[in-house]
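Asker: Have a look at this one before I ask anything.
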Amino acid sequence: MKEGKIIKVSGPLVVADGMDDARMFDVVKVSDKNLIGEIIELRGDKASIQVYEETGGIGPGEKVVSTGEPLSVELGPGLITSIYDGIQRPLDVIRQMVGDYVTRGISLPGLDREKKWKFQPTVKNGDKVSSGDIIGTVQETKVVLHKIMIPHGVEGEIVEIKEGEFTVEETVAKVKGPEDIQDITMMQRWPVRKLRPYQEKLMPETPLVTGQRVIDALFPIGKGGTACVPGPFGSGKTIIQHQLAKWADAEIIVYVGCGERGNEMTSVLMEFPMLKDPRTGEPLMKRTVLIANTSNMPVAAREASIYTGITIAEYFRDMGYSVALMADSTSRWAEALREMSGRLEEMPGEEGYPAYLPTRLAEFYERAGRVRCLSSDNRIGALSAIGAVSPPGGDLSDPVVQATLKVVKVFWSLEDWLAYERHFPAINWLTSYSLYHDNLKEFFLKEISEDWPQVRQETMALLQKEADLKEIARLVGVDALSSEDRLTLETARSIREDFLHQNAFDEIDTYTSFAKQYRMLKIVLEFHRRAREAVARGVPIKEIFSLPVREEIAKVRFIPEDRLTDFDRISENIKGQVQGLIKTSGAEVEVKG
C-alpha cells in the first residue's frame with residue numbers, strides 16, 4: 001500500500017504528496033484516525049482527496065495510505081432491511097458498538113460476516129454458467145428471494161455446489177474456467193462509480209403503478225423510467241417520496257436520504273418498519289434498503305450515498321426484479337459537488353456549480369432503465385430512478401433543476417401554494433408532464449380501457465380550460481360567464497378536489513388502483529356530458545349544481561376497491577336525476593348527438 005503525507009487540509013478536502021502510484025477514485029485512509037477518503041484529482045505525485053468523515057484536528061505531515069481499490073459496496077444476502085450511511089457502514093451495528101454518534105475512523109463491513117443464510121442451489125455439477133447466471137437462492141425475508149449470481153467476468157463449468165447454511169464469505173460453489181477453478185461465495189463487491197453491465201436496454205412498456213391518482217392517470221412513469229420532483233420548501237417532496245416508497249409496485253425499494261434534515265430521515269426510519277406492505281401484509285422494511293445521509297454529516301459523503309444507492313439498486317435489478325430508487329434530494333448532492341469544486345479551485349459554472357454538474361446528473365439517471373440482464377436466461381429487470389430536487393425558493397431556473405430536466409422523462413412540478421391550500425399531492429397539473437404516454441399506450445388500452453387516452457385528454461383539456469376561464473372570471477366575475485363555462489369551472493373543480501386531491505392518511509384514499517381511477521374520471525366526465533346536455537336544453541345551471549348526486553360524486557374516492565360496482569349505481573343516478581331535471585324544466589330544445 002502506497003503511503004503519502006498530508007500537505008494541506010481544507011474542510012473535507014485533503015491534499016497529500018508522495019502519491020505517485022495512486023489512481024483516481026482509489027479509497028485512502030487519512031491520518032492515524034483512519035478516516036475514509038477518495039482520490040478525486042491527481043497532479044503529479046499530489047492527490048486531492050475528498051474525505052467522507054469530519055477532518056477536524058487533522059494537519060500537515062500526517063500519513064495517507066492508499067488501499068489500491070476504488071470505493072465499492074458489498075452485495076449479497078443481508079442488504080434488505082439494512083440501514084446504511086453513505087459509504088455502506090451499517091448504522092444499527094455502529095449504534096450497538098459506540099452509541100448514538102458515529103465515531104470517526106470506524107470501519108465495518110456492509111454485510112454481516114457471522115450470520116448464516118440457507119442456500120438452495122438451482123444448478124448442478126456439470127452445468128455451464130456465465131456472468132449473471134443464477135446458481136441458487138436465499139430466502140432473505142418473507143417477501144424477497146435473494147438470487148445468488150455468478151460474478152462478472154466468471155464463466156465455466158460447475159464442478160462443485162453445496163446446499164445448506166453458509167456465511168456470505170464461505171464458498172458455495174466452484175466454477176472451472178479456461179485457466180483455473182474459482183470459488184463462488186454469496187457476496188460480490190462492485191465499484192460504486194461503475195455501471196453494472198447488461199445485455200441491452202429496453203423501452204419501458206408498463207407503468208410503475210403508484211396508486212397516486214395525479215401521477216398514474218395524468219403523468220405516469222414507466223418501470224425503468226426516470227422522474228424528478230422539484231419544489232420549494234414545504235411543498236411535500238418528502239411526502240411524495242414516502243408515498244411512492246410505500247405504494248409503488250416495485251419489488252425492491254432503495255431509499256437514499258441525501259443530505260436531508262435528520263427529522264425527515266427519522267420519520268422514514270420510524271415509519272417504514274411499522275407500515276404494512278399492501279401486497280404481502282408484511283412490514284414494508286422487508287423489501288427496503290435505507291441509506292441515511294443527513295445534512296449534519298460530512299458534506300462529501302453525499303456523493304457516495306447517491307452512488308452506493310444506485311449500485312445496490314442495479315444489483316437487485318440484475319436478479320430480474322423491478323426496483324424503485326428514491327433520491328431525496330439531488331440538490332444536496334449538487335451542493336457537495338459545488339463545495340468540493342470550490343475547494344479544488346476549479347473554474348465555476350452557473351451559480352458556482354461545477355461545469356460538469358449536468359454530466360454527473362446524466363450519468364446517475366442513465367443508470368436507470370429496463371434491461372435484459374447479463375445472463376443466459378435473458379431475464380428482464382427494471383430500475384426506476386425518482387429524484388427530488390430542492391431549488392432555492394422553488395426557482396425552476398436553478399441549474400440543478402434545468403440539468404435534471406434535460407435527462408429525465410417525467411416532471412412532477414410541486415407548488416407550495418397548493419400545499420398551503422392543503423391540496424396533496426401538491427403536483428401542478430398545468431406545468432407537469434410525462435414523456436412515457438406513447439410507450440405505455442398499449443398497456444393502458446389493453447389493461448384499462450380502449451377509451452383511456454380520450455378520458456385522460458378530456459380531463460387535461462377541462463383543467464386547462466379552467467385556468468383560462470379563471471383569468472376571465474377575475475375580471476368580469478363568475479356570474480358573467482355563460483352557463484356552459486360555469487359548468488366547465490365546476491367540473492374542473494370536481495376533478496381537482498374529488499380526483500387529484502388525495503388523503504395519504506385515509507386507509508382507502510391513500511391508494512387507488514387503475515380500475516378505480518378510470519371509473520372515478522368516467523363518473524365526473526359523465527356528469528359533465530349530461531349536465532351540458534341539460535344546459536343546452538335550457539335547464540338553469542343552479543338546479544344542476546344542486547342535484548343530490550353531486551354529493552355522491554364527491555365521495556367516490558372513499559369507495560373501497562372491492563365495491564367498484566357502486567359506480568354503476570352512481571352512473572344511473574346521474575342519468576336519472578339529470579333527465580328528471582330536463583323533464584321538469586319543460587325544455588323543448590332538441591340537442592343534436
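Asker: Residue check, V138 against (1) open to solvent by 10 Å² or more (accessible area, probe 1.4 Å); (2) hydrophobic (A, V, I, L, M, F, W, C); (3) in a strand (DSSP E or B), all met but one. Which one?
Answerer: All conditions are met except number (1).
Asker: A follow-up question, please. Out of the residues in segment 561-590 that are hydroxyl-bearing (S, T, Y) and assigned to a helix (DSSP H, G or I), which is modelled with the highest pLDDT?
Answerer: Applying the filter and picking the extreme gives S571.
Asker: Looking only at segment 358-379, which residues are over 19 Å from the mean Cα position of the chain (by Cα) and crowded, with 17+ Cβ neighbours inside 10 Å?
Answerer: P358, C373, L374, S375, R379 - these are the residues of segment 358-379 that are over 19 Å from the mean Cα position of the chain (by Cα) and crowded, with 17+ Cβ neighbours inside 10 Å.
Asker: Report yes if some residue within segment 329-351 is modelled with pLDDT under 95, closer than 22 Å to P298 by Cβ, out of contact with any strand residue (DSSP E or B) (no Cβ under 9 Å at 6 or more places or on another chain) and not hydroxyl-bearing (S, T, Y); otherwise report no.
Answerer: Yes, that holds for at least one residue.
Asker: Exactly one condition in (1) open to solvent by 50 Å² or more (accessible area, probe 1.4 Å); (2) over 21 Å from T431 (Cα atoms); (3) not basic (K, R) is not met by L396; state its number.
Answerer: (2)
Asker: Determine which member of the set V289, V299 is touching a Leu at 6+ places or on another chain (Cβ under 6 Å) and among the β-branched types (V, I, T).
Answerer: Testing whether each residue is touching a Leu at 6+ places or on another chain (Cβ under 6 Å) and among the β-branched types (V, I, T) leaves just V289.
Asker: Does any residue in segment 271-294 that is under 16 Å from L244 (Cα atoms) and assigned to a strand (DSSP E or B) come within less than 8 Å, Cβ to Cβ, of a residue that is β-branched (V, I, T) and open to solvent by 10 Å² or more (accessible area, probe 1.4 Å) six or more places away or on a different chain, and which pairs are these?
Answerer: T288/T81; V289/T81; L290/I83
Asker: Moving on to the next point. Restricting the first residue to segment 302-316 and requiring it to be open to solvent by 10 Å² or more (accessible area, probe 1.4 Å), which pairs with a second residue that is hydroxyl-bearing (S, T, Y) meet a Cβ separation below 6 Å and a spacing of at least six or different chains?
Answerer: none
Asker: For the structure I just gave you, tell me whether F558 is at pLDDT 95 or above and either basic (K, R) or open to solvent by less than 30 Å² (accessible area, probe 1.4 Å) (or both).
Answerer: No.
Asker: Of everything in segment 548-579, what is more than 19 Å from F499 (Cα to Cα) and not acidic (D, E)? Give them in sequence order.
Answerer: Residues satisfying the conditions are N573, K575, G576, Q577, V578, Q579.
Asker: Let me ask something else about it. Can you name every one of the helices (runs of 4 or more DSSP H) wholly within segment 388-480 that holds 3 or more residues which are out of contact with any helix residue (DSSP H, G or I) (no Cβ under 6 Å at 6 or more places or on another chain), among the aliphatic types (A, V, I, L, M) and farther than 25 Å from T359 by Cα?
Answerer: 452-476
Asker: Let me ask you something else. Can you name every residue in segment 490-501 that is over 30 Å from the mean Cα position of the chain (by Cα) and open to solvent by less than 30 Å² (accessible area, probe 1.4 Å)?
Answerer: T491, the sole residue that qualifies.
Asker: Could I ask something else about it? Residues that are open to solvent by 30 Å² or more (accessible area, probe 1.4 Å), at least 2 per element: which strands (runs of 3 or more DSSP E) completely within segment 164-259 meet that?
Answerer: 171-176, 181-185, 188-191, 200-202
Asker: Does segment 502-550 hold any residues that are open to solvent by 60 Å² or more (accessible area, probe 1.4 Å), without any contact (Cβ under 8 Å) to a residue 40 or more places away in the chain and part of a helix (DSSP H, G or I), and which are they?
Answerer: Scanning segment 502-550 gives R529, K542.
Asker: Give segment 152-162 a look and list any residue that's open to solvent by 10 Å² or more (accessible area, probe 1.4 Å) and either part of a strand (DSSP E or B) or at pLDDT 95 or above (or both), or say none.
Answerer: G156, E157, V159, E160, I161
Asker: Shifting gears a bit: Within the set of pairs 6+ apart or on separate chains, which have a first residue in segment 91-116 that is without any contact (Cβ under 8 Å) to a residue 12 or more places away in the chain, a second that is surrounded by 13 or more Cβ atoms within 10 Å (Cβ to Cβ) and part of a loop (DSSP other than H, G, I, E, B), and C-beta atoms under 9 Å apart?
Answerer: Short answer, once both residue conditions are applied: D92/S82; R95/V102; M97/I106; M97/L108; V98/I106.
Asker: Considering only residues that are closer than 25 Å to Q50 by Cα and of a type in the set (G, A, S), which ones fall in segment 313-347?
Answerer: A313, A327, S329, S331, A334, A336, S341, G342
Asker: Give just the number: which of (1) at pLDDT 95 or above; (2) under 19 Å from A304 (Cβ atoms); (3) among the small types (G, A, S) does S82 not satisfy?
Answerer: Status for S82: all satisfied but (1).
Asker: Consider K118 carefully, then state whether it is within 23 Å of R196 (Cα to Cα), in a strand (DSSP E or B) and open to solvent by 10 Å² or more (accessible area, probe 1.4 Å).
Answerer: So K118 fails the test.
Asker: Could you say whether any residue in segment 189-201 is among the polar types (S, T, N, Q) and under 22 Å from G86 (Cα atoms)?
Answerer: no
The values are calculated or read from the model by the stated rules, or taken from the named source; none is laboratory data. Quick caveat, the model's predicted, so the values are computed rather than measured. Cβ atoms come from the backbone with ideal geometry, glycine included; neighbour counts cover every protein chain shown. Surface areas here come from the heavy atoms of the whole protein model, side chains and all, with no ligands, DNA or RNA. Shrake-Rupley method; radii C 1.70, N 1.55, O 1.52, S 1.80 Å.
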